[in-house]
Structures are given as structure tokens and as C-alpha cells.
Amino acid sequence: MDMPDSRGPRRLIYRHRWPTRIWHWVNSVCLFFLLLSGLQIFNAHPALYFGQQSNFADPVLSLAAARTADGSIQGQTQIAGWTFDTTGVLGASANARGDIVARGFPSWLTIPSYQDLATGRVWHFFFAWLLVINGTIYVLVSLLSRHLSRDLIPTWAELRHMGHSISEHIRLRFPKGEEAKRYNVIQKLTYLAVIFGLLPLVIATGLCMSPQLNAAFPWLPEFFGGRQSARTLHFLAAFGLFAFFAVHVVMVLVSGFWNNMRSMITGRYAIEVGEGNADTSKA
């Protein structure tokens, strides 16, 4: 199907199969609620440590509040011994009435917005298990359909030209025509790192937070260097996923928002005619 366009005629190709599209949108919803409910849980004790026990005198990260000489509340973020004034954002921020109060992350970044650890846990655990189930189904379907080996494993030729691909991305030059039908080497390596690196890490370290699982499998938190180390790694992995999500959204916007959205909703993606117009399935 040719489409008229100011840049010339384009052709729709089938770019994403339905399992990939469903997995993508379910994951997007899960990650959104997991992040915001996770910040709600973190606010119950806004500090991170390494080891088995909480070393209150030497946190890796802490979001605290302190009373200043004039009686006002100041938000203080401490990272590896360095302290920063983050009033209004971290450590101390405005409540619903506009008053500055002690609070790790601000209310507009947590679910629920008010401080409620129990509700935050309910939201977090529900979407955590939904993420696990969705991811497991995706991996099994991808293995059976050979999507992982066919579309996500980079070739040696692609790896050799990775420097060029990075340079093109930095200059916001994106694949067109034939090249746009498949993932480039940066996308492949990034998706592999997320699917087989960050997601398993955030799930495994999240399980370390369960007292019941700690009792049944004491080797699990020990594998990560202790329960507090696992909590810190969980926090870092979660923000790694957030960084991936943020960069992904930016790339979608700058490389063609409507074209990318259509491909992830209907599976159809428009490429310029003459730059590779045979219909192929991608994912």
C-alpha cells in the first residue's frame, strides 16, 4: 500500500507481530505503576545501604529533612557522603496544602500520592507479578517463534559497525527503507540487556525484600551481598529501567512519533518507496 507524503511515496510494511505489541504495552503500564508505587515504598525509609544491616551513619543514598536556623524545613540529599540542598523536590516537598514537609520523593511522583505504605505495596506487588507473567509468556513465545534468535541477536557484521551506528544515533540519523525493517545493533543489544539483564535483576532483588522468601531461601539475599545490598541494587535496576524508558520515548518522538505509534498499535510501519519496499515481518 503506497501512501502519498510530502517526503515522497511511502509503503506500509508489517513490522511488529501481535505478541510483541501486547508485551510492549503491558510492560509500559506495569513499569509506570511499579516505579511510582516503588517510590511510595521507598519513602517509608528513604535511604540505601550495602550489606546485611542498615548502617544509619553511612548510607549510600539518603533523602532527609533538617530544620534550619530560621525554623524552615530543608530537604537534604546525601550521596556517598556528599550532601545537596534539594528542598521542594527530594527530602522535603510541598504537601496538598502547600506546606513543605519531610518526604523522600514528592507526592506527585508516588502512588498513592499521600503516604500509605500498605497501599503502595498492594499496587507494587500486583504489577510486579503481572510483569513477571507477561515477560515469561513473551520469552516463551519468542523462543518458539525464533523471534529472539532471528531479530535480537546481533551478527558479527553488525557488531563490527556498532561505532558507526552509535555515531548515527548521536546525530539523530535513523535507519530508512530496508534498514528500518529490522532492529539496528544498538537496539538489539539494548533490548537484550533489558530482557536478560535489568528485568531479571529487578525481579530477583525484589524477591529479596520478602521476609517469607528470605526465610525459605536465605541464600538469595546473600547472593547479592545481603538484604540491604539487594535493596540498593533493586533501586538502581529500577532506575536503569526508567532511564531506558525515558530514552526510548525520546527516540520515538524524534524518529517519527505517529509512524512509531502506528507500528506498535497495528504492526504497520511506513517506509519510503525505493528504499526497500518488500513486505517483511519483523517481530
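The values are calculated or read from the model by the stated rules, or taken from the named source; none is laboratory data. In this text, all values refer to a predicted model and were calculated from it rather than measured experimentally. Because the Cβ atoms are built from the backbone with ideal geometry, glycine has one as well, and the counts that use them run over all protein chains shown.
Details
- Test result for Gly225, out of contact with any helix residue (DSSP H, G or I) (no Cβ under 7 Å at 6 or more places or on another chain) and either outside any helix (DSSP H, G or I) or modelled with pLDDT of 95 or more (or both): yes
- Selection within the stretch 145-158 - among the aliphatic types (A, V, I, L, M) and farther than 12 Å from Leu192 by Cβ: Ala157
- Checked against (1) over 27 Å from the mean Cα position of the chain (by Cα); (2) assigned by TED's automatic domain parsing to the domain that holds Glu222; (3) polar (S, T, N, Q), Gln74 passes all but a single condition, namely (2).
- Being outside the structural domain of Thr232 (by TED's automatic domain parsing), closer than 27 Å to Leu31 by Cβ and hydrophobic (A, V, I, L, M, F, W, C) is true of Ala96.
- Failed condition for Ala96, given (1) surrounded by fewer than 14 Cβ atoms within 10 Å (Cβ to Cβ); (2) closer than 30 Å to Phe196 by Cα; (3) of a type outside the set (Ser, Thr, Tyr): (2)
- Failed condition for Leu143, given (1) modelled with pLDDT of 85 or more; (2) in a helix (DSSP H, G or I): (1)
Okay, residues lined up against (1) surrounded by fewer than 16 Cβ atoms within 10 Å (Cβ to Cβ); (2) assigned to a helix (DSSP H, G or I); (3) in contact with an Asp or Glu (Cβ under 7 Å, 6 or more places away or on another chain); (4) of a type in the set (A, V, I, L, M, F, W, C):
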{"position": "Leu172", "(1), (2), (3), (4)": "yes, no, no, yes"}
{"position": "Tyr183", "(1), (2), (3), (4)": "no, no, yes, no"}
{"position": "Tyr191", "(1), (2), (3), (4)": "no, yes, no, no"}
{"position": "Leu199", "(1), (2), (3), (4)": "no, yes, no, yes"}
{"position": "Leu213", "(1), (2), (3), (4)": "yes, yes, no, yes"}
{"position": "Leu220", "(1), (2), (3), (4)": "no, yes, no, yes"}
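- Among the residues of the stretch 228-265, just one is in contact with a Ser or Thr (Cβ under 9 Å, 6 or more places away or on another chain) and of a type in the set (Lys, Arg), namely Arg231.
- Out of Gly51, Gly75, Gly88, one residue alone is free of Cβ contacts under 8 Å to residues at least 40 places away in the same chain and in a loop (DSSP other than H, G, I, E, B). It is Gly88.
- Selection from the stretch 258-272 of residues that are touching a helix residue (DSSP H, G or I) at 6+ places or on another chain (Cβ under 9 Å) and either in a loop (DSSP other than H, G, I, E, B) or not aliphatic (A, V, I, L, M) (or both): Asn260, Ser263, Thr266, Gly267, Arg268, Tyr269, Glu272
- For the stretch 95-116, a tally of residues being at pLDDT 90 or above and either farther than 17 Å from Ala44 by Cα or not in a loop (DSSP other than H, G, I, E, B) (or both) returns 7.
- Take the conditions (1) of a type outside the set (Asp, Glu); (2) assigned by TED's automatic domain parsing to the domain that holds Pro200; (3) surrounded by fewer than 13 Cβ atoms within 10 Å (Cβ to Cβ); Phe84 misses just one of them, which is (2).
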